[in-house]
Amino acid sequence: MNSWETIIGLEIHAQLSTESKIFCGCSTRFGDEPNQNTCPVCLGLPGALPVLNWRVVELGARAALALNLKVNNRSIFARKNYFYPDLPKGYQISQYDQPFSANGELEIMTAVRDASGHPLEWRPKKIRITRLHLEEDAGKNVHEGLPGVDRFSYIDLNRAGTPLAEIVTEPDFRSSWEAYDYVNHVRRALQWIGASEADMEKGNLRCEANVSVRRAGDETFGTKVELKNLNSVRFMQRGIEFEVNRQIQVLESGGRLVQETRMWDEHVMETRPMRSKEEAHDYRYFPEPDLPPLVVLDQLIQRVSASLPELPDARRRRFMNDFSLSFSDASQLTSERSLADYFEMAASKSENPRAVANWIRSELLRELEAANLLPSESPVSAEQLAALVRLIDDGTISGTQAKEVLVEMFKTGKTAAAIIEERGLAQVSDTAQIDALVDQVLAASPQQVASYRAGKESVFGFFVGQVMKASQGKANPKIVNERLRAKLSQ
Ligand SMILES: [Zn+2]
């Protein structure tokens with residue numbers, strides 16, 4: 001394996017989060033009755049004219065700037081011609097030689113993984129992004145769940161004309177995991193700035209990979225294969241991994257690769273041919289005569305740039321500096337914007353941000369996941385979580401009790417203080433009260449005291465247990481330990 005180098009380039013199609021389509025007023029709502037959201041424009045009826053939805057330009061500019069691309073002042077829409085039943089016009093309005101934005105260089109964090117996919121060490125890597133352009137989506141052919149599907153194909157044009165940003169990289173990835181980390185970076189950035197839901201399972205983020213291998217040290221690229229049907233980031237990583245190994249095997253056994261498109265089949269875990277280069281489309285691009293050049297003024301670019309929030313990587317670095325969090329903790333807390341907001345609010349209300357981070361990562365996220373809620377929808381507010389952490393730090397309750405309290409807070413929306421009061425959970429940390437219990441236990445166990453003083457250390461646990469029992473579990477165990485040691489050494 002070491003004598004081979006892997007070369008990967010990626011294309012991402014992300015649906016921009018507009019309410020209406022790119023060239024008409026039809027809704028982009030997901031899951032409506034088939035063909036309900038259509039009009040003469042997106043049905044491609046003769047004489048219908050496209051009008052650009054300006055929201056697409058704003059979201060496209062947000063996406064381009066968040067990925068460190070340059071937004072061009074002037075770009076051209078072009079017709080990409082091909083025939084397919086879900087494309088009623090016979091062409092897709094896209095962009096070709098003068099795209100919306102280009103020439104980006106994005107720094108991502110990437111890690112080499114062990115065999116089970118666990119990251120070993122994170123390091124930065126720069127990826128060149130060739131372009132981000134705007135285009136319309138096609139409709140959908142439906143082959144399942146309708147009468148007579150063995151004889152008919154059905155067509156749903158609700159998706160036709162939905163706005164997409166196509167993001168294309170240079171062949172800069174050297175492993176499937178680098179591609180994986182990049183797609184996750186882009187996905188998180190697009191969600192973070194509200195440009196796209198970027199959910200691969202829903203199909204509003206789609207990914208294709210160009211994969212080739214070459215002997216280490218070779219200057220020229222090997223024959224490349226285009227991989228499709230990569231329906232999650234993990235599937236993509238596995239698909240690329242399989243394809244790399246397949247190509248190496250073919251070459252090492254003296255075979256030749258053909259330039260082709262292959263699809264990843266997750267069920268059988270292999271790629272198989274879809275179409276060869278001979279069947280590749282000649283799209284015959286030409287400028288769209290029904291749309292003027294798209295002019296984006298510098299003022300707009302500046303306004304969009306100023307409206308962008310602090311981006312995830314900058315926020316992760318700030319969390320590491322301001323709150324002394326590790327890279328992996330800070331990464332997890334910036335995996336999603338509402339989680340980062342939640343943590344930051346809780347940390348600002350607490351004197352113990354690291355404990356807050358731990359409580360969110362271990363306990364709160366589990367509850368949120370089980371209830372299928374976002375951090376912004378948490379029944380336990382950030383302020384209340386900070387209050388809970390304070391009650392642990394000042395010894396009012398133990399960490400174990402706090403776990404139960406948090407579950408109850410989550411269920412009922414009550415504050416930690418109210419639940420502690422109701423359940424009588426408050427720990428006894430008062431030394432005089434604990435001393436009285438310690439004296440009582442020692443007086444009642446003269447034999448054990450004698451054997452402890454004779455050197456039998458193991459009896460100590462017995463005393464702790466007795467004092468805790470006498471306090472009905474409420475004594476602060478740390479103070480019980482301290483007081484017992486003090487009394488027994490007298
Ligand atoms: Zn329409």
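Here are the numbers for this structure:
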read-out: Acute angle (nearest 10 degrees) that the helix 477-488 long axis makes with the longest principal axis of the chain, alpha-carbon atoms; value: 30 degrees
read-out: Rounded percent of accessible protein surface that carbon and sulfur make up, segment 258-349, 1.4 Å probe; value: 52 percent
read-out: Point-to-point label distance, Asp32-Glu11, nm (Cα→Cβ direction, 7 Å offset); value: 2.8 nm
read-out: Whether segment 144-243 is rounded, prolate or oblate, judged on the alpha carbon gyration tensor where a/c under 1.5 counts as rounded; value: oblate
read-out: Cα→Cβ-extended label distance, 7 Å offset, between Asn103 and Thr220, nm; value: 3.1 nm
read-out: Two-decimal ratio, the chain, of alpha-carbon radius of gyration to 2.2 N^0.38 Å; value: 1.31
read-out: Rounded to 10°, Cα long-axis angle of helix 54-66 versus longest principal axis of the chain; value: 60 degrees
read-out: C-alpha long axis of helix 176-192 to longest principal axis of the chain, angle in °; value: 80 degrees
read-out: Pairwise centroid distance, computed over Cα atoms, of segment 286-331 with segment 1-75, Å; value: 18 Å
read-out: Probe 1.4 Å, accessible area per residue of the chain, Å²; value: 50 Å²
read-out: Label-to-label distance, nm, for residues given as Leu300 and Asp394 (7 Å Cα→Cβ offset); value: 5.5 nm
read-out: For segment 310-320, 3J(HN,Hα) per residue [Karplus equation, 6.51 cos²θ - 1.76 cosθ + 1.60, θ = phi - 60°, Hz, x = Gly/Pro]; value: 4, 7, x, 5, 5, 5, 4, 4, 5, 4, 5
read-out: Mean Cβ count within 10 Å, highest first, over the residues of peptides 286-294, 389-397; value: 389-397, 286-294
read-out: Charge-dipole axis of the chain as Lys and Arg at +1 and Asp and Glu at -1 on Cβ define it, positive-most pick from Val356, Asn245, Ser276; value: Val356
read-out: Segment Ser458-Ala48, extension gain: residue separation times 0.36 nm, minus the distance between their alpha carbons; value: 138.8 nm
read-out: q = 0.19 Å⁻¹, segment 353-490: log10 I(q)/I(0) [Debye, one scatterer per Cα]; value: -0.98
read-out: Cβ-derived FRET efficiency at R0 22 Å, Lys487 paired with Ala417, nearest 0.05; value: 0.10
read-out: Segment 188-218 versus segment 379-446: alpha-carbon centroid distance in Å; value: 47 Å
read-out: Among 475-488, 440-453, 162-175, the order from most to least packed when residues are scored by Cβ within 10 Å on average; value: 162-175, 475-488, 440-453
read-out: Dipole moment magnitude, nearest 20 debye, the chain about Cα centre, only Lys, Arg, Asp, Glu C-beta charged; value: 760 debye
read-out: Prolate/oblate/rounded call for segment 1-74, Cα gyration tensor, a/c under 1.5 rounded; value: prolate
read-out: Sites matching trypsin sites (Lys or Arg not before Pro) across segment 262-341 that sit in DSSP coil, with at most 13 neighbouring C-beta atoms within 10 Å; value: Arg284
read-out: Fraction of accessible area attributable to carbon and sulfur, segment 1-129 (%, probe 1.4 Å); value: 51 percent
read-out: Ordering of 213-224, 176-187, 26-37 by burial proxy (mean other Cβ atoms within 10 Å per residue, highest first); value: 176-187, 26-37, 213-224
read-out: Tensor-based shape of segment 65-202 (alpha-carbon gyration tensor, a/c under 1.5 rounded, otherwise prolate or oblate); value: oblate
read-out: Extension reserve of the Asn321-Leu120 stretch, reckoned as 0.36 nm per residue once the Cα distance is removed; value: 70.2 nm
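The values are calculated or read from the model by the stated rules, or taken from the named source; none is laboratory data. Only a predicted model underlies this, so the values are computations on that prediction, with no experimental measurement involved. Neighbour counts run over all protein chains shown; Cβ positions are idealised from the backbone, glycine included. Protein only, heavy atoms only, side chains kept; ligands, DNA and RNA dropped before computing areas. Shrake-Rupley method; radii C 1.70, N 1.55, O 1.52, S 1.80 Å.
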